[in-house]
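*Asks:* Okay, here's the structure, questions in a sec.
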Amino acid sequence: MATETQLINTRDGASQSPWQQPVLKAFPATKNDLVYDALVVGGGITGLTTALLLQEAGKQVILAEAHSPGFGTTGGTSAHINTFADTTYREAESAFGEDGAKLFAEAIAEGFALISSRQKDCDFESKPGYLYAETDNEVKQLDEIYRGAVKVGVPVAYTDQVPTPVPFKKALVWDRQAQFHPLKYLQDLQTAFLAAGGRVKINTLITGVETKDGIHVSGDIQAKAVVYATHMPPNINLFNFECAPYRSYVMAVKLKSGKYPEALIYDSQEPYHYVRSHVINGEELLLVGGLDHKTGHEDPDKAFANLDQYVRKYYSVSSVKYRWSSQYYVPVDGLPYIGQMPMAAEGIYCATGYNGNGMMLGSVAGKILSDMVRNQPNKYEKLFSPARIKPLDSFSEFVKENADVAYHFVADRVKVHETDSLKRLQPGTGKVVEVDGQKVAAYRDEAGNIHALNPVCTHAGCIVSWNGEEKSWDCPCHGARYDIRGKVLTGPATKDLLTLNINENK
Ligand SMILES: Cc1cc2nc3c(=O)[nH]c(=O)nc-3n(C[C@H](O)[C@H](O)[C@H](O)COP(=O)(O)OP(=O)(O)OC[C@H]3O[C@@H](n4cnc5c(N)ncnc54)[C@H](O)[C@@H]3O)c2cc1C
């Protein structure tokens with residue numbers, strides 16, 4: 001009989017998120033010869049939702065996770081549950097028509113409802129959400145957001161009461177938004193999945209599957225369908241061109257006043273900021289976040305410094321309890337890609353490109369994908385199809401993102417300066433330096449030892465850059481990330497960076 005394992009949640013970064021309590025448990029799957037109905041790859045909100053819905057529908061499901069459930073972005077999210085999205089309903093309408101925008105709103109609402117119905121013991125709380133504008137230009141955008149939401153039937157109203165110290169010109173309120181503890185929610189899902197007879201296999205990186213006679217095989221796992229719920233499907237694929245990886249920053253702080261807003265509050269700046277409160281281990285904290293940028297393109301230390309400055313400008317902070325960052329994917333045409341994986345064997349599915357809305361979209365993806373595996377119709381299948389024709393509007397965005405990748409591929413190879421020296425590398429820091437004409441991703445640990453890696457990303461050959469906050473090597477092209485030993489933290493890479501032997505004194 002399988003024994004229960006207590007997992008201490010790890011995350012794809014060195015900094016700690018407040019969700020990393022030892023809340024997730026797993027029954028390690030034992031080896032057997034079963035041909036599963038589905039192999040779900042990835043134990044975030046998408047994977048666990050998909051696995052649960054399939055198992056409850058009578059399918060035999062195994063979930064394989066490279067680390068432990070919650071290791072990916074679900075363990076580093078800020079866990080707002082909204083009826084609006086980063087791609088505004090107005091933007092969705094201009095790219096996918098009025099019916100497309102309405103369907104998008106329904107999908108968001110369905111994801112929200114799914115969480116509401118499944119949550120059991122995960123700090124789920126209903127709160128109003130406010131979005132405010134500080135400049136005339138932001139007011140124009142706010143009015144557009146209002147009109148777009150009203151047109152698709154999403155309840156929203158103007159308000160002049162926002163619980164924020166920031167002076168604003170105009171604001172919107174969405175009633176009955178929500179928040180929760182994302183890993184406690186994963187625990188809710190996993191408990192139900194295991195109770196229904198599902199299996200979880202941890203520390204299992206799926207690098208790909210071989211398909212023969214309609215059966216997909218990876219190591220000792222055989223399945224009739226595969227769902228890549230990995231946030232970004234592994235290896236080179238179409239989504240490397242259609243989704244751009246972004247880092248986003250969050251801090252959880254204690255306030256001197258002891259007064260915390262009972263609301264989800266967002267500004268309209270570019271990049272934006274948000275605040276909300278959460279009681280973590282019995283202690284009320286203000287979560288402040290935002291300042292997103294493309295992975296590997298800006299200095300994470302600077303992003304945190306700016307976030308720190310921002311929160312202290314408006315709130316009297318007594319201490320900073322947590323600060324962490326994580327990664328999400330922006331789709332070129334604004335909507336997620338959910339369905340049959342392009343250029344893969346039939347029966348291999350994926351879901352990606354959620355923007356900052358993966359709580360709702362990851363949940364509804366679970367419903368869509370479980371319906372598809374079961375050959376059941378789903379009304380969102382066409383709208384979110386990864387094979388959809390890109391609307392013309394997104395083409396310039398597509399060209400811009402990929403020109404940027406091409407730039408990094410070339411420029412980062414010649415960027416290392418003569419002054420970059422291994423000897424000058426301070427303990428606890430990393431940098432791409434040149435040693436004997438060879439580029440090296442070098443990290444000096446606190447004890448002074450150098451950890452040297454080949455900086456060429458194993459996914460598509462770009463040069464990785466140092467992320468001092470998460471102590472990781474991040475690829476600016478497609479968002480693959482590695483730890484200081486070169487181990488893959490975040491796909492689409494599935495191979496580790498090569499270790500180099502460097503003699504520092506040579
Ligand atoms: C800072 C931040 C704040 C956010 N805030 C919000 C918010 O408030 N509301 C909201 O709706 N959304 C938010 N998002 C977005 C949301 O968190 C994500 O879209 C969502 O968590 C993605 O879930 P997922 O299950 O698809 O992926 P993940 O949670 O990343 O899970 C994927 C899992 O797959 C595993 N995996 C990857 N590759 C393999 C492989 N080859 N083999 C085996 N396992 C593999 C990983 O280890 C990981 O555990 C935020 C994102 C960020 C970065």
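The values are calculated or read from the model by the stated rules, or taken from the named source; none is laboratory data. Predicted model, so just to flag it, every value in this text is computed and none were measured. Positions of Cβ are generated from backbone atoms using ideal geometry, with glycine treated the same way; all protein chains shown enter the neighbour counts. Side chains included, ligands, DNA and RNA excluded: accessible areas come from the protein's heavy atoms. Shrake-Rupley method; radii C 1.70, N 1.55, O 1.52, S 1.80 Å.
*Asks:* One residue is enough: does the range 320-329 have a residue meeting the conditions in a loop (DSSP other than H, G, I, E, B), in contact with a helix residue (DSSP H, G or I) (Cβ under 9 Å, 6 or more places away or on another chain), surrounded by 16 or more Cβ atoms within 10 Å (Cβ to Cβ) and touching a residue at least 24 places away in the same chain (Cβ under 8 Å)?
*Replies:* No, the range 320-329 has no match at all.
*Asks:* Does Thr87 fit the bill of being within 12 Å of the ligand (Cβ to nearest atom) and either more than 15 Å from the chain's Cα centre (by Cα) or not hydrophobic (A, V, I, L, M, F, W, C) (or both)? Walk me through how you get there before you give the answer.
*Replies:* Values: within 12 Å of the ligand (Cβ to nearest atom): no; either more than 15 Å from the chain's Cα centre (by Cα) or not hydrophobic (A, V, I, L, M, F, W, C) (or both): yes.
It is false that Thr87 is within 12 Å of the ligand (Cβ to nearest atom) and either more than 15 Å from the chain's Cα centre (by Cα) or not hydrophobic (A, V, I, L, M, F, W, C) (or both).
*Asks:* Related question: Return the residues of the range 60-82 that are in contact with a strand residue (DSSP E or B) (Cβ under 6 Å, 6 or more places away or on another chain) and either aliphatic (A, V, I, L, M) or within 6 Å of the ligand (Cβ to nearest atom) (or both); say none if nothing qualifies. Give the steps one after another, and end with the answer.
*Replies:* Our first condition is that a residue be in contact with a strand residue (DSSP E or B) (Cβ under 6 Å, 6 or more places away or on another chain); within the range 60-82, this holds for 60-64, 73, 76, 78-82.
Matches in the range 60-82: Val61, Ile62, Leu63, Ala64, Thr73, Gly76, Ser78, Ala79, His80, Ile81.
*Asks:* On to the next question. From the list Leu189, Leu205, Leu286, which one is modelled with pLDDT of 95 or more, outside any loop (DSSP other than H, G, I, E, B) and within 26 Å of Pro336 (Cβ to Cβ)? Walk me through it before giving the result.
*Replies:* Working: Leu205 fails: outside any loop (DSSP other than H, G, I, E, B); Leu286 fails: within 26 Å of Pro336 (Cβ to Cβ).
Checking each option against the conditions leaves just Leu189.
*Asks:* Further, regarding this structure: Any idea which residue in the range 36-58 is nearest to Tyr354 (Cα to Cα), counting only those that are in a loop (DSSP other than H, G, I, E, B) and in contact with a Leu (Cβ under 9 Å, 6 or more places away or on another chain)? Break it down stepwise before answering.
*Replies:* First, pick out the residues of the range 36-58 that are in a loop (DSSP other than H, G, I, E, B): 42-44, 57-58.
With the extra rule that they be in contact with a Leu (Cβ under 9 Å, 6 or more places away or on another chain), the set shrinks to 42-44.
Working: Gly42: 15, Gly43: 16, Gly44: 13 Å.
Across the range 36-58, the extreme among qualifying residues is Gly44.
*Asks:* If you don't mind, there's one more thing I want to ask. Taking the conditions exactly as written (open to solvent by 10 Å² or more (accessible area, probe 1.4 Å), within 15 Å of the ligand (Cβ to nearest atom) and of a type in the set (Gly, Ala, Ser)), does Gly334 satisfy them or not?
*Replies:* Working: open to solvent by 10 Å² or more (accessible area, probe 1.4 Å): yes; within 15 Å of the ligand (Cβ to nearest atom): yes; of a type in the set (Gly, Ala, Ser): yes.
Criteria met by Gly334.
*Asks:* Considering the range 174-203 alone, what residues qualify as being of a type in the set (Val, Ile, Thr) and open to solvent by less than 20 Å² (accessible area, probe 1.4 Å)?
*Replies:* Residues of the range 174-203 of a type in the set (Val, Ile, Thr): 191, 200, 202.
Val200, the sole residue that qualifies.
*Asks:* Quickly run through the range 142-172 and pick out the residues that are of a type in the set (A, V, I, L, M) and either open to solvent by 20 Å² or more (accessible area, probe 1.4 Å) or in a loop (DSSP other than H, G, I, E, B) (or both).
*Replies:* Going residue by residue through the range 142-172, those that are of a type in the set (A, V, I, L, M) are 142, 145, 149-150, 152, 154, 156-157, 162, 166, 171-172.
Scanning the range 142-172 gives Ile145, Val150, Val152, Val154, Val156, Ala157, Val162, Val166.
*Asks:* Additional query: Mind telling me which of the residues Phe104, Phe168, Phe180 ends up being within 16 Å of the ligand (Cβ to nearest atom) and touching a strand residue (DSSP E or B) at 6+ places or on another chain (Cβ under 9 Å)? Spell out how you get there, then give the answer.
*Replies:* Values: Phe104 fails: touching a strand residue (DSSP E or B) at 6+ places or on another chain (Cβ under 9 Å); Phe168 fails: within 16 Å of the ligand (Cβ to nearest atom).
None of the other options fit; the residue is Phe180.
*Asks:* I'd like the full set of residues that are farther than 20 Å from Cys350 by Cα and among the β-branched types (Val, Ile, Thr), limited to the range 78-113.
*Replies:* Selection gives Ile81, Thr83, Thr87, Thr88.
*Asks:* Next question. Quick test of your reading of the structure: Asp301 fulfils all but one of (1) farther than 30 Å from Lys382 by Cβ; (2) within 15 Å of the ligand (Cβ to nearest atom). Name the failing condition by number.
*Replies:* (2)
*Asks:* Oh, and also: State yes or no: is Arg444 surrounded by 18 or more Cβ atoms within 10 Å (Cβ to Cβ), more than 21 Å from the chain's Cα centre (by Cα) and not small (Gly, Ala, Ser)? Quick ask: steps written out before the conclusion?
*Replies:* Working: surrounded by 18 or more Cβ atoms within 10 Å (Cβ to Cβ): yes; more than 21 Å from the chain's Cα centre (by Cα): yes; not small (Gly, Ala, Ser): yes.
It is true that Arg444 is surrounded by 18 or more Cβ atoms within 10 Å (Cβ to Cβ), more than 21 Å from the chain's Cα centre (by Cα) and not small (Gly, Ala, Ser).
*Asks:* Assess whether Thr230 counts as being away from the ligand (no atom under 12 Å from the Cβ) and open to solvent by 30 Å² or more (accessible area, probe 1.4 Å). First the steps, then the outcome.
*Replies:* Numbers: away from the ligand (no atom under 12 Å from the Cβ): no; open to solvent by 30 Å² or more (accessible area, probe 1.4 Å): yes.
No.
*Asks:* When residues of the range 30-85 are filtered for being surrounded by fewer than 24 Cβ atoms within 10 Å (Cβ to Cβ), within 17 Å of Ala196 (Cα to Cα) and hydrophobic (A, V, I, L, M, F, W, C), how many remain?
*Replies:* Result for the range 30-85: 3.
*Asks:* A further question on this structure: So the check is Cβ under 6 Å with 6+ separation or different chains; which pairs have a first residue in the range 188-205 that's over 13 Å from Val61 (Cα atoms) and a second one that's open to solvent by 70 Å² or more (accessible area, probe 1.4 Å)?
*Replies:* Going by the 6 Å Cβ cut-off, the qualifying pairs are Asp188/Lys120.
*Asks:* Here's something else I'd like to know. Tell me, which residue of the range 454-479 that is under 13 Å from Ala441 (Cβ atoms) and within 16 Å of the ligand (Cβ to nearest atom) is most open to solvent (accessible area, probe 1.4 Å)?
*Replies:* Thr458
*Asks:* Considering (1) among the hydrophobic types (A, V, I, L, M, F, W, C); (2) more than 19 Å from the chain's Cα centre (by Cα); (3) assigned by TED's automatic domain parsing to the domain that holds Asn235, say which one Ala351 fails and leave the rest.
*Replies:* (2) is the only condition that Ala351 fails.
*Asks:* Going by the conditions given, is Thr211 out of contact with any helix residue (DSSP H, G or I) (no Cβ under 9 Å at 6 or more places or on another chain) and of a type in the set (Val, Ile, Thr)? So that I can check it myself, show each step before the final result.
*Replies:* Values: out of contact with any helix residue (DSSP H, G or I) (no Cβ under 9 Å at 6 or more places or on another chain): yes; of a type in the set (Val, Ile, Thr): yes.
When the stated conditions are applied, Thr211 passes them.
*Asks:* Need the failing condition index for Tyr380 against (1) hydroxyl-bearing (Ser, Thr, Tyr); (2) in a loop (DSSP other than H, G, I, E, B); (3) open to solvent by 10 Å² or more (accessible area, probe 1.4 Å), just the number.
*Replies:* Result: Tyr380 passes all but (3).
*Asks:* Out of (1) in contact with a helix residue (DSSP H, G or I) (Cβ under 8 Å, 6 or more places away or on another chain); (2) open to solvent by 10 Å² or more (accessible area, probe 1.4 Å); (3) within 16 Å of the ligand (Cβ to nearest atom); (4) of a type outside the set (Ser, Thr, Tyr), what's the single condition that is false for Lys439?
*Replies:* (3)
*Asks:* Might you check whether a residue that is out of contact with any Ser or Thr (no Cβ under 6 Å at 6 or more places or on another chain) and part of a strand (DSSP E or B) occurs anywhere in the range 256-265?
*Replies:* Looking through the range 256-265, at least one residue is out of contact with any Ser or Thr (no Cβ under 6 Å at 6 or more places or on another chain) and part of a strand (DSSP E or B).
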